[in-house]
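*Asks:* This is the structure I have questions about; it appears just below.
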Amino acid sequence: QVQLVESGGGLVQAGGSLRLACKVSGHPVTAYNMGWFRQAPGKEREFVAVITWNGDSTIAETMKGRFTLSRDNFKTTMYLQMNSLKPEDTAVYYCNLRYTITNIDYWGQGTQVTVSS
């Protein structure tokens, strides 16, 4: 059973930075993409970033230039570096793993990011 564990959330002032991490455990059986989504209170979950099995990454347009996605060489830990944070970045950030063949999704429990003005 695949498990995702996020870490790195917290409270930061506007303009500050945070680095989120998502660690995969449980030995995924096939290739997978990993990504971040976020959900603010009263809003739908939205896409933040994704990195494919081959290492290609995509950042949501509204976060480009501020957020950077990376992954370790073993493809078991993904990082989201968030700079120049804004109050509107406040949300629960969820890690996602999706098998590329079956499109089966796994989700982490989420980590709270709060940006104060």
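The values are calculated or read from the model by the stated rules, or taken from the named source; none is laboratory data. Remember, predicted model here, so these are calculated numbers, not experimental data. Cβ: placed from backbone, ideal geometry, glycine included. Neighbour counts: every protein chain shown. SASA here: full protein model, heavy atoms, side chains in, ligands and nucleic acids out. Shrake-Rupley method; radii C 1.70, N 1.55, O 1.52, S 1.80 Å.
*Asks:* Give the residue that is nearest to Thr77 (Cα to Cα), with candidates limited to residues of the stretch 17-32 that are open to solvent by 40 Å² or more (accessible area, probe 1.4 Å) and either in contact with a Cys (Cβ under 8 Å, 6 or more places away or on another chain) or assigned to a strand (DSSP E or B) (or both).
*Replies:* Looking at residues that are open to solvent by 40 Å² or more (accessible area, probe 1.4 Å) and either in contact with a Cys (Cβ under 8 Å, 6 or more places away or on another chain) or assigned to a strand (DSSP E or B) (or both), I get Lys23.
*Asks:* I need a count of the residues in the stretch 96-117 that are under 12 Å from Ser17 (Cα atoms) and either in contact with a helix residue (DSSP H, G or I) (Cβ under 6 Å, 6 or more places away or on another chain) or part of a loop (DSSP other than H, G, I, E, B) (or both).
*Replies:* Going through the stretch 96-117 one residue at a time, the tally reaches 1.
*Asks:* Just a yes or no: is a residue in the stretch 86-95 more than 11 Å from Cys22 (Cβ to Cβ) and modelled with pLDDT under 95?
*Replies:* no
*Asks:* If we keep just the residues of the stretch 61-77 that are open to solvent by 80 Å² or more (accessible area, probe 1.4 Å) and part of a loop (DSSP other than H, G, I, E, B), which is nearest to Ser25 (Cα to Cα)?
*Replies:* Phe74
*Asks:* Mind checking which residues of the stretch 30-48 are among the aliphatic types (A, V, I, L, M) and either within 12 Å of Leu97 (Cα to Cα) or in contact (Cβ under 8 Å) with a residue 60 or more places away in the chain (or both)?
*Replies:* Once the filter is applied, which keeps residues that are among the aliphatic types (A, V, I, L, M) and either within 12 Å of Leu97 (Cα to Cα) or in contact (Cβ under 8 Å) with a residue 60 or more places away in the chain (or both), the stretch 30-48 yields Ala31, Met34.
*Asks:* So if I check each of Gln13, Gln39, which one is surrounded by 12 or more Cβ atoms within 10 Å (Cβ to Cβ) and modelled with pLDDT of 95 or more?
*Replies:* From the options Gln13, Gln39, the qualifying one is Gln39.
*Asks:* Of the residues Leu80, Leu85, only one is open to solvent by less than 50 Å² (accessible area, probe 1.4 Å) and assigned to a loop (DSSP other than H, G, I, E, B); which?
*Replies:* Leu85
*Asks:* Looking at the stretch 88-113, which of its residues are under 14 Å from Gly10 (Cα atoms) and open to solvent by 60 Å² or more (accessible area, probe 1.4 Å)?
*Replies:* Residue satisfying the conditions is Gln112 alone.
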